[in-house]
Amino acid sequence: MRTHVPETTPFHWEGVPVLPYKEQGTHFRAVSRQVLLDDPDVLGTQVRYFEIAPGGWSSLERHDHPHSVMIVRGRGECLVGREIHGLGERDLVFVPPGTWHQFRANRDETLGFLCLVPCERDAPVRPDHAELEALRSDPRVAAFVRV
Ligand code: MN
């Protein structure tokens, strides 16, 4: 396995392709994905770098596995549960299992973050109509979410 993955240009790493955030869908905007570590024998953890261009957002979703996130580029905001947090470089975000979450690059800057997940994990689900209505019962959440 590789033991050193140098950065080549800012926020790009040697031999690491820039991938679409997800294979398909219209429930996100302007997000890319780079997989920096994906080896079940190393901590059982996958390390991804996501980058959201200004004005973009990740999908509003939840799943049984948690996320551990560190912001490494720019600023933005995220929803975790019903809380909205302002984000800056080197902030940490923890998304507990089963918790709705969404990241937005809504401060006129690129938002880049490392996200750790278990290699073996369940697939994300998006809110159905009733769940979305329940989330939107909070006006601050309603103003934040993009679907
Ligand atoms: Mn997620």
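Structure above, values below:
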{"quantity": "Rounded to the nearest 20 debye, dipole of the range 24-127 from Cβ charges on Lys, Arg, Asp, Glu", "calculated": "360 debye"}
{"quantity": "Overall Cα dimensions of the chain - principal axes, largest extent first, Å", "calculated": "48, 33, 28"}
{"quantity": "Sites Asp41 and His85 - FRET efficiency at Förster radius 30 Å, r taken between beta-carbons, to 0.05", "calculated": "0.35"}
{"quantity": "Relative contact order (percent, whole number), the range 11-141, Cα cutoff 8 Å, 6+ residue spacing", "calculated": "27 percent"}
{"quantity": "Over the range 1-57, equivalent-ellipsoid semi-axes from the Cα gyration tensor in Å", "calculated": "23, 15, 8"}
{"quantity": "Per residue, the convex hull volume that the Cα atoms of the range 60-147 enclose (Å³)", "calculated": "87 Å³"}
{"quantity": "Dipole of the range 1-85, positive end: most advanced residue of Pro40, Ile52, Val5 [Cβ charges, Cα centre]", "calculated": "Ile52"}
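No lab work stands behind these numbers, since they all come straight from the coordinates. Model, not experiment: these values are computed from the prediction. Reconstructed Cβ throughout: ideal geometry from the backbone, glycine too, with neighbour counts over all protein chains shown.
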